[in-house]
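Here the structure is laid out as structure tokens; the discussion comes afterwards.
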Amino acid sequence: MDEETFQRIVGEEWDAVPAPYRERIQNVALLVEDEPNEEVRRLEGLEGTETLLGIYQGVPLSERGEGYGIGEVLPDTITVYRLPTLLEAEDIRLETRVDRLEFADIVRSVVRDTIWHEIGHYFGHGEEAIMHREEEGKNTYPVV
């Protein structure tokens, strides 16, 4: 999948975040990068071939005090990593034997889950809580 198509899918999935959540998200930039850089790999303790599908970087909403935003504040970021996402989608396609024509739908699903996961971090949920909700199938939102 080319970069332009991938970025379009990421943008569409960001726009599809349900309004009650989207309206509460402030000062967050959505980024697409090929893969985690060396600084992110070091900060996240990634070794060898370990990677990330996405990452939230910033001050979670639950930790912002009264002084947050006074003066200029750089935006928080949610980054979706294109190459690991495409590899994950390909693994899913091979495991489920889905026809290649549906590959874009698999990518869309992985992107949606990644964005939603990182929004969880924005709202202050830790990795363990988010993973628990994902395992229970409760960390999803309806597709519009």
Unmet criterion (only one of (1) modelled with pLDDT under 95; (2) open to solvent by less than 40 Å² (accessible area, probe 1.4 Å)) for residue 85: (1)
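So, restricting to helices (runs of 4 or more DSSP H) that lie completely within segment 1-105, which ones have at least 1 residues that are over 18 Å from residue 124 (Cα atoms) and among the β-branched types (Val, Ile, Thr)?
Numbers: elements: 3-15, 19-22, 38-44, 82-96.
Those helices (runs of 4 or more DSSP H) span 3-15, 38-44, 82-96.
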Condition check for residue 64: open to solvent by 40 Å² or more (accessible area, probe 1.4 Å) and on the phi > 0 side of the Ramachandran plot: no
Only one of 106, 78, 115, 55 that is at pLDDT below 95, among the aliphatic types (A, V, I, L, M), closer than 21 Å to residue 6 by Cα and touching an Asp or Glu at 6+ places or on another chain (Cβ under 9 Å): 106
Filtered residue count, segment 9-26, keeping only those that are at pLDDT below 95 and open to solvent by 60 Å² or more (accessible area, probe 1.4 Å): 6
Segment 41-57, residues that are open to solvent by less than 50 Å² (accessible area, probe 1.4 Å) and touching a residue at least 24 places away in the same chain (Cβ under 8 Å): 52, 54, 55, 56
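The values are calculated or read from the model by the stated rules, or taken from the named source; none is laboratory data. Computed from a prediction, not measured in an experiment: that's the story for all the values here. Every residue, glycine among them, receives a Cβ derived from its backbone with ideal geometry; neighbour counts consider all protein chains shown. Side chains are part of the model used for accessible areas, which takes the heavy atoms of the whole protein and leaves out ligands, DNA and RNA. Shrake-Rupley method; radii C 1.70, N 1.55, O 1.52, S 1.80 Å.
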